[in-house]
Every structure is written in structure tokens, then in C-alpha cells.
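Asks: Below is a structure I'd like to ask you about.
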Amino acid sequence: MAKKGYHHGNLRQALVDAALQLIEQRGPMGFTLSEAAKQAGVTPAAVYRHFDGREALIAEAAQQGYEIFADLMDYAYQSGQPSALKAFEATGRAYLAFARKYPGHYIAMFESGISVNRTPELAMEVNRANAVLEKAATDLSQHIPEDRRPPASMFSAHIWAMSHGVVELFARNSPGRASPFPPEDLLESGIGIYLRGLGLVQPDD
């Protein structure tokens, strides 16, 4: 009798979906390939038809996460057009929305220790997401005199770091830690302070 896994409709994706559930529940190092196979309803041996180990499986989950992430960031950027400011602010909100809606992907992307250069496909999706943020930063920074204009890569990295910090500290229900304000408000006010410092937003009256 043929092994069950060899006749699974879409075994590769079923394993990724199983891994995402386990990552969300236990963290990226809290499960084995055998557990992922059991969750997907296939034999452990069937896993190796697609992945040579747990790291490869997590890397695939991270790559799919970056694909979704880049698409969401691009949609947010486009939704704010033609205002460079609204487009830029929308990318920050999209970051929070992604972390909430796709926690398994988020953990695989940012907390698994998987190198963003592990595969060319993963690196391409990471670069695509970065490019959206840099484009938004470039558009907005055109309003800053050239001699005071930070590099777009630095500009976008600051906002990425701020968004990531808000997610990690206040948007992912860290045990024992309560947000003093809604995460969206924290991020919006933080971005506002940053942009005021660059002269891109007028001070409040």
C-alpha cells in the first residue's frame, strides 16, 4: 500500500500550513518535522519529498510571509496616493495589521533566526518589501532640503524599527505587558514625532 503522504493533494502547502500553526502555538523551535507531518495528516517520511529539514520548512513559511507582507505594504502605499504623507503613514499601519493577521508568518520571518538570504526566492521577497518602504520614504523625503535629507534607506529603516518595536512590545500580547495606549496610536504618534523632527509635519497648535 502506498504511503498516505505520497497521495496528499498539496503536501508542500499542507506542511507549511501545519508549521505555521505550530509556530504560532509553540514558537519556531518548539516543534519537530514529525509533528508537522502529523498535523498535516501525512507520514514523517513524506516531508522529505519537499523539505530537507525543519529550517527549510520554516524558511518556506517565512518566504510566503514576506510575499503577503510585500503585497500588503504595496497596497497600503498605493492606497495613500497621491499624498506622499498618507502613503507613508499607511505602510506603518499595514505593518501592524500584518503582524496581527498573520502571526505564524510574522514569527517565521522575524523570530526564527532564518537568514533572509537563505534562498534567492526568500531574498527577493524581502527586497520587494524593503523597496516599498524605501519608495514611500523617498517620495516623502523629497520635501526635505537636500542638505538635510536622510538617505531613504535610513528613513525607512527608522520607521521599520519603530513599527517592529510597537508590534513586539505592545501588539503581540506579551505576557505581563499591557499597552498604555492602542498600538496604532503609539505608532502614529511616534511617526508624527519623527516626521516633525524632519520638518515634514507641522507642530500641533
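The values are calculated or read from the model by the stated rules, or taken from the named source; none is laboratory data. Remember, it's a predicted structure, so these values are computed and weren't measured experimentally. No Cβ is skipped: glycine too gets one built from the backbone with ideal geometry, and neighbour counts run over all protein chains shown. All accessible areas refer to the heavy atoms of the entire protein, side chains included, with ligands and DNA or RNA removed. Shrake-Rupley method; radii C 1.70, N 1.55, O 1.52, S 1.80 Å.
Asks: Express the accessible area of the stretch 66-205 per residue in Å², computed with a 1.4 Å probe while the remaining protein chains stay in the model.
Replies: 54 Å²
Asks: Residue by residue through the stretch 45-58, what is 3J(HN,Hα) from phi via Karplus (6.51 cos²θ - 1.76 cosθ + 1.60, θ = phi - 60°)? Round to whole Hz and write x for glycine and proline.
Replies: Couplings: 4, 5, 4, 6, 6, 10, 9, 8, x, 4, 4, 5, 5, 5 Hz.
Asks: If you take the alpha carbon radius of gyration of the stretch 79-201 and divide it by 2.2 N^0.38 Å, what ratio comes out, to two decimals?
Replies: So the Cα radius of gyration is 1.11 times the expected 2.2 N^0.38 Å.
Asks: Please state the charge dipole magnitude for the stretch 109-166, taken about the Cα centre, from unit charges on C-beta atoms (+1 on K and R, -1 on D and E), reported in debye and rounded to the nearest 20.
Replies: 40 debye
Asks: Could you state the orientation-averaged shadow area of the convex hull built on the Cα atoms of the chain, in nm² to one decimal?
Replies: Result: a mean projected hull area of 13.5 nm².
Asks: Quick one: the Cα spread of the stretch 5-73 along its three principal axes, in angstroms, biggest first?
Replies: That gives 37, 25, 18 Å along the principal axes, largest extent first.
Asks: Rounded if a/c is under 1.5, else prolate if a/b beats b/c, else oblate: with a ≥ b ≥ c from the C-alpha gyration tensor eigenvalues square-rooted, which is the stretch 33-104?
Replies: Judged from the Cα gyration tensor, the stretch 33-104 comes out prolate (a/c at least 1.5, a/b above b/c).
Asks: Still on this model: Which residue fluctuates the most in the chain, going by a Gaussian network model with Cα springs under 10 Å, if the choices are GLU121, GLU134, GLU89?
Replies: So, out of GLU121, GLU134, GLU89, the one fluctuating most is GLU121.
Asks: May I pose another question? Where a Cα-Cα gap under 12 Å defines reach, which aspartates and glutamates qualify for LYS86, not counting those fewer than 8 residues away within the same chain?
Replies: ASP139, GLU188
Asks: Now, a different point. Any idea which of MET73, LEU198, ALA123 is furthest toward the positive side of the dipole for the chain, if Lys and Arg beta-carbons carry +1 and Asp and Glu beta-carbons -1?
Replies: The residue sitting most towards the positive pole is ALA123.
Asks: Could you give the dipole magnitude of the chain about its Cα centre, charging the beta-carbon of Lys and Arg +1 and that of Asp and Glu -1, in debye to the nearest 20?
Replies: Once rounded to the nearest 20, the dipole reads 760 debye.
Asks: How about the stretch 41-70: which chymotrypsin sites (Phe, Trp or Tyr not before Pro) there are in a DSSP loop, with at most 16 other Cβ atoms within 10 Å of their Cβ?
Replies: TYR48
Asks: Follow-up. Tell me, what is the FRET efficiency for ARG148 and ASP185 to the nearest 0.05, using R0 = 25 angstrom and their Cβ-Cβ distance as r?
Replies: The formula returns an efficiency of 0.30 here.
Asks: Divide by every residue of the chain the summed helix terms, -39500 (n - 2.57) for each DSSP H run of at least 4, and state the resulting mean residue ellipticity at 222 nm, rounded to the nearest 500 deg cm²/dmol.
Replies: Taking each H run of at least 4 residues, the total per residue is -21000 deg cm²/dmol.
Asks: Answer with one residue from ALA56, PRO145, LEU169: the one whose Cα lies farthest towards the positive end of the charge dipole of the chain, charges on Cβ with Lys, Arg +1 and Asp, Glu -1.
Replies: Going by the Cα projections, it comes out as ALA56.
Asks: So what J values fall out for the stretch 74-91 if you push phi through Karplus, 6.51 cos²θ - 1.76 cosθ + 1.60 with θ = phi - 60°, rounded to Hz, Gly and Pro as x?
Replies: 5, 4, 4, 4, 5, 5, x, 5, x, 7, 4, 5, 5, 5, 5, 5, 5, 5
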